[in-house]
Structures are given as structure tokens and as C-alpha cells.
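Rule-based calculations on the coordinates, nothing more; no lab input. Not measured: the values here are computed from a predicted model. Neighbour counts are summed over all protein chains in view; Cβ atoms, including those assigned to glycine, are modelled from backbone coordinates with ideal geometry.
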Amino acid sequence: MSEQDTIFSKIIRREIPADIVYEDETTLAFKDINPQAPIHILVIPKKPIPKLDDSVPEDQILMGNLLFIAKRVAEEQGIQNGYRVVINNGPDAGQTVFHLHLHVLGGRQMKWPPG
Ligand code: AMP
């Protein structure tokens, strides 16, 4: 297993199961195994970028796609009344899986500021 090979790479390669809700050439979206809201989807690039800080200029289109897919997934999941998109970048943000991912959270009232 290489340094960039995380549990999400295994999901991309179908080595471990996940409840996949969207897939295209560059992006995958699946349900979070430990949901923090009634709807909690993770949107990830297939390219193993460990965290937002590690992205490079050539990743800009890929990252724009992630955000657009987050919107599409929220729509498809029927989140009508708003949702939150979160990226945890690094240890102080609470990142635990070092493969860039967007959390799409919805189906309940969110609080602000987040913890
Ligand atoms: P973060 O703390 O931002 O790195 O988020 C990692 C997220 O990945 C957490 O919300 C976990 O619940 C989720 N997670 C970890 N393993 C899996 C898995 N096998 N399938 C789906 N979600 C997972």
C-alpha cells in the first residue's frame, strides 16, 4: 500500500464496498459510513490528492467538478431546504482520511459556527 493508498482508493477500486451514489471518469460519491446528518455523502476525486493543501494548479478543473457534483448529488438526494459542504484540511480540521473529499451534509438544521 503506497502512502497515497487510503481506504477511499480501495473504494474506487471496488476492493471494499460502499454505497455509491454517483460516478464519472474523475469523481466518485458515496454515503459516509458514519453519517453526521440524515444525508451525508462524500464526494472524492479518483486522483489520490491527500488533502486540499496538496492540490496543484492542474487540479483546478477537477476541484471545480467536485463542487458541481456535490450540488448535483444534493439535488438527487432530495435535500430541499439547504445543505452544507465541508472540506477538512489537515489534522487541526479533524481530517482522518488523507484522500481529498467534500462532505455533503443535509436533512437537518445545521449549526454555526461548526465545532
Ligand atoms: P474526514 O474526517 O474529513 O477525513 O472524513 C472522513 C470521513 O470518511 C468520515 O466522515 C468517515 O465516517 C468516513 N469514512 C471512513 N471510512 C469510510 C468508509 N469505508 N466508507 C464510507 N465512509 C467512510
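Listing for the model above:
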quantity: Net charge of neighbours whose Cβ lies under 13 Å from the Cβ of ILE69, counting Lys and Arg as +1 and Asp and Glu as -1; calculated: -2
quantity: Pairwise centroid distance, computed over Cα atoms, of the range 1-67 with the range 71-101, Å; calculated: 10
quantity: Mean separation of Cα contacts under 8 Å, 6 or more apart, over the residue count of the range 7-106: relative contact order %; calculated: 32
quantity: Among GLU75, GLU58, GLU15, residue whose mean-square fluctuation peaks in a GNM of the chain (springs only between Cα atoms under 10 Å); calculated: GLU58
quantity: Pairwise Cα inverse-distance average, inverted: Kirkwood Rh of the range 64-115 (Å); calculated: 12.2
quantity: For the range 48-59, 3J(HN,Hα) per residue [Karplus equation, 6.51 cos²θ - 1.76 cosθ + 1.60, θ = phi - 60°, Hz, x = Gly/Pro]; calculated: x, 7, x, 7, 3, 4, 8, 6, 10, x, 5, 8
quantity: For the chain, calculated [θ]222 nm from helices alone, where every DSSP H run of n ≥ 4 adds -39500 (n - 2.57); calculated: -6000 deg cm²/dmol
quantity: Leading residue at positive end of dipole, the chain (Cβ point charges), from THR27, TRP112, ASN65; calculated: TRP112
quantity: Taking N as its residue count, the alpha carbon Rg of the range 7-106 over 2.2 N^0.38 Å; calculated: 1.00
quantity: Charged-residue dipole, Cβ positions (Lys, Arg, Asp, Glu), the range 10-115 about Cα centre, Debye nearest 20; calculated: 300
quantity: Förster radius 35 Å - calculated FRET efficiency between LEU62 and LYS111 (Cβ-Cβ, nearest 0.05); calculated: 0.70
quantity: Candidates ALA37, ALA74, ALA29: whichever shows maximal mean-square fluctuation once the chain is modelled as a Gaussian network with Cα springs under 10 Å; calculated: ALA37
